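Inspection log for the structure reproduced underneath, given as structure tokens.
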Amino acid sequence: MTDFAIQADGLSMRRDRVSILDAISLAVPAGAVVGLVGRNGAGKSSLLRCLAGLTEPDSGASSLLGCPSLDLTDAVRARLGYVGQTPDLFAWMNVAEHLRLIGRAYPRWTEERCLVLAARLDLPLDKKAGELSGGDQQKMAVVMALAHDPDLLLLDEPVSSLDPLTRQEFMRAMFGERERTIIVSSHILTDLERVVSHVAFLRDGALQLFDSWDAMLDYLRLVPASTPQLPADAIVFAAPRAAHVVIDLRRAPSWVGAGKAMTLTELFAELNK
């Protein structure tokens, strides 16, 4: 087994002469929970689709659980769970039939786990998939991704249509059974902040920052842009004409104790000025 459950090396993709992904490289340790953060159009969905092998990049490569994303074996696919922004469902099939059909493809799927998850998320089993609300379709996609007890989850805005109580149940279901590697994109940063071990910030298709969340809390600080003698290599991000800059104290040890620590929401706002 590799020490990294997810690896990307120089992933790049262009569409209609527009850069969607720009040479993204990262290595996600096994067991990490990565929050994938960025504004709309930053490239989050495209990155997740490339990692899952659903979209081929123009250049670069990636792997999941040591297997190339574009050539995943059946054994590795059985260990993956994926939730896209738009659930891919059979509209004419009711929920219970749908879940059983998909479950047969996974050796570790059990009907008991599936029904428990459906009950926790208050998912109606007797309705046809095409008759479900947007929120219930999202619940169904989540149940399908979790019911076979995957080792690795790729989740693209999995809770955007869920109410706060259902989001809590989803978080409990995702983390309650055992350790697994997860990369999850979401705009609900307060939820992410409570569960992530790492954060990856995307901006305009490029990886802006990737580190453990503990390290970001310990070492990233917001200081006035006018601070004298600030080491240039300590500056993580400085927006043009901004009153403050983000620095990394690991590159400026003499500045320990200076500046303001940031929440995930505050750091996101600073990195997108």
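The values are calculated or read from the model by the stated rules, or taken from the named source; none is laboratory data. As the structure is a prediction and not an experimental result, all values here were calculated from the model. We place every Cβ from the backbone using ideal geometry, glycine too, and count neighbours over all the protein chains shown.
Does at least one position in segment 229-236 carry a residue that is of a type in the set (A, V, I, L, M), at pLDDT 95 or above and part of a strand (DSSP E or B)? No: segment 229-236 contains no residue that is of a type in the set (A, V, I, L, M), at pLDDT 95 or above and part of a strand (DSSP E or B).
Here is the figure for segment 229-253: residues that are touching a residue at least 12 places away in the same chain (Cβ under 8 Å), under 14 Å from TYR219 (Cα atoms) and not acidic (Asp, Glu) total 11. Considering the conditions (1) outside any loop (DSSP other than H, G, I, E, B); (2) at pLDDT 80 or above; (3) surrounded by 16 or more Cβ atoms within 10 Å (Cβ to Cβ), GLY130 is excluded by exactly one of them, (3). One residue stands out in segment 158-212 among those that are among the hydroxyl-bearing types (Ser, Thr, Tyr) and part of a helix (DSSP H, G or I): the one that is modelled with the highest pLDDT, namely THR190. Within segment 26-44, identify whether any single residue is of a type outside the set (D, E, K, R), in the same structural domain as LEU162 (by TED's automatic domain parsing), touching a Pro at 6+ places or on another chain (Cβ under 8 Å) and modelled with pLDDT under 95, and answer yes or no. Within segment 26-44, not a single residue is of a type outside the set (D, E, K, R), in the same structural domain as LEU162 (by TED's automatic domain parsing), touching a Pro at 6+ places or on another chain (Cβ under 8 Å) and modelled with pLDDT under 95.
When ALA215 is tested against (1) among the aliphatic types (A, V, I, L, M); (2) modelled with pLDDT under 95; (3) surrounded by fewer than 18 Cβ atoms within 10 Å (Cβ to Cβ); (4) touching a helix residue (DSSP H, G or I) at 6+ places or on another chain (Cβ under 9 Å), exactly one condition is not met: (2).
For ILE102, the test of being crowded, with 18+ Cβ neighbours inside 10 Å, of a type in the set (Val, Ile, Thr) and modelled with pLDDT of 90 or more is failed. Do you know which residues across segment 58-80 are under 14 Å from GLY10 (Cβ atoms), surrounded by fewer than 18 Cβ atoms within 10 Å (Cβ to Cβ) and among the small types (Gly, Ala, Ser)? Within segment 58-80, SER59, GLY60, ALA61 qualify. Reported count of residues in segment 11-57, each being touching a strand residue (DSSP E or B) at 6+ places or on another chain (Cβ under 7 Å), β-branched (Val, Ile, Thr) and loosely packed, with under 15 Cβ neighbours inside 10 Å, is 0. Taken together, the residues in segment 144-153 that are over 14 Å from ASP88 (Cβ atoms) and either part of a helix (DSSP H, G or I) or not acidic (Asp, Glu) (or both) amount to 6.
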